[in-house]
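For reference, the structure discussed in these notes is given below.
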Amino acid sequence: MEIEDLKKELKKYLKDDEKRYLHSIGVMKMSQELAKKYGADIERAVKAGLMHDMAKRMSKEEKLQYVEENNIEASDLEKNMVEILHGKIAADICKKKYDFDDEMCDAIANHTTGKENMTLLQKIIFVADKIDETRTYSDVEYYRNLAREDLDKTILEIINYVIKDKIESDKPILEQSIKTRNYILLENEK
């Protein structure tokens, strides 16, 4: 499916959420930039970046029902933090409806937490989601510049920031984020 067709599909899923749509366009653009910079497949990066949040507007009940009906693996913590399931659901929809390949779907499914042994495409989608043009948090410009120099270091610093924030606000930390962090640390030691 062409990008313009996917944009139309995305608008249907986001139910007039212009802010989320603009974020998705921003992630698409940043994915394109990073794919060019690091030599990844640009079309696949653009498509995965665009569709990564397509399930974001589903209600809590719809997400839990979708996961159950489609046999999507989700931990008890993920089921309690239902919002996190949007990535896995979007990946499943993209696989079944838009024929995205496994790597693209894995990038979408793990765009929030990352994962161990990420491919270049998966790293790009993870980072692009955190630094697209719609993001305005205090250190975003630093992360944008870092992403143009070293994806692994960017991933590590973003995860460190997220973990620190979760600890300071007494919120649960998903095990996958910790596994991603440890994997990147150990890989960079080699």
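If I filter the stretch 75-87 for residues that are of a type outside the set (A, V, I, L, M, F, W, C), touching a residue at least 40 places away in the same chain (Cβ under 8 Å), part of a helix (DSSP H, G or I) and more than 26 Å from residue 1 (Cβ to Cβ), do I get at least one hit?
Taking every residue of the stretch 75-87 in turn, at least one turns out to be of a type outside the set (A, V, I, L, M, F, W, C), touching a residue at least 40 places away in the same chain (Cβ under 8 Å), part of a helix (DSSP H, G or I) and more than 26 Å from residue 1 (Cβ to Cβ).
Check residue 69 against each of (1) surrounded by fewer than 14 Cβ atoms within 10 Å (Cβ to Cβ); (2) in contact with a His (Cβ under 7 Å, 6 or more places away or on another chain) and name the one condition it does not meet.
Failing condition for residue 69: (2).
Of a type outside the set (Phe, Trp, Tyr), in a helix (DSSP H, G or I) and in contact (Cβ under 8 Å) with a residue 24 or more places away in the chain: which single residue out of 130, 115 fits that description?
130
For residues in the stretch 111-139 being closer than 16 Å to residue 28 by Cα and polar (S, T, N, Q), which is surrounded by the fewest Cβ atoms within 10 Å (Cβ to Cβ)?
134
Taking the options 186, 156, name whichever one is at pLDDT 95 or above and either buried (at least 19 other Cβ atoms within 10 Å of the Cβ) or not hydroxyl-bearing (Ser, Thr, Tyr) (or both).
Of 186, 156, the one residue that is at pLDDT 95 or above and either buried (at least 19 other Cβ atoms within 10 Å of the Cβ) or not hydroxyl-bearing (Ser, Thr, Tyr) (or both) is 156.
Across the stretch 4-27, which residue is farthest from residue 97 (Cα to Cα) among those that are free of Cβ contacts under 8 Å to residues at least 24 places away in the same chain and either in contact with a Ser or Thr (Cβ under 6 Å, 6 or more places away or on another chain) or part of a helix (DSSP H, G or I) (or both)?
18
Please determine whether any residue of the stretch 33-52 is surrounded by fewer than 21 Cβ atoms within 10 Å (Cβ to Cβ) and at positive phi.
Looking through the stretch 33-52, at least one residue is surrounded by fewer than 21 Cβ atoms within 10 Å (Cβ to Cβ) and at positive phi.
The values are calculated or read from the model by the stated rules, or taken from the named source; none is laboratory data. Since the model is a prediction, treat every value here as computed from it, not as a measurement. Cβ coordinates were reconstructed from backbone atoms using ideal geometry, including for glycine residues, and neighbour counts include every protein chain displayed.
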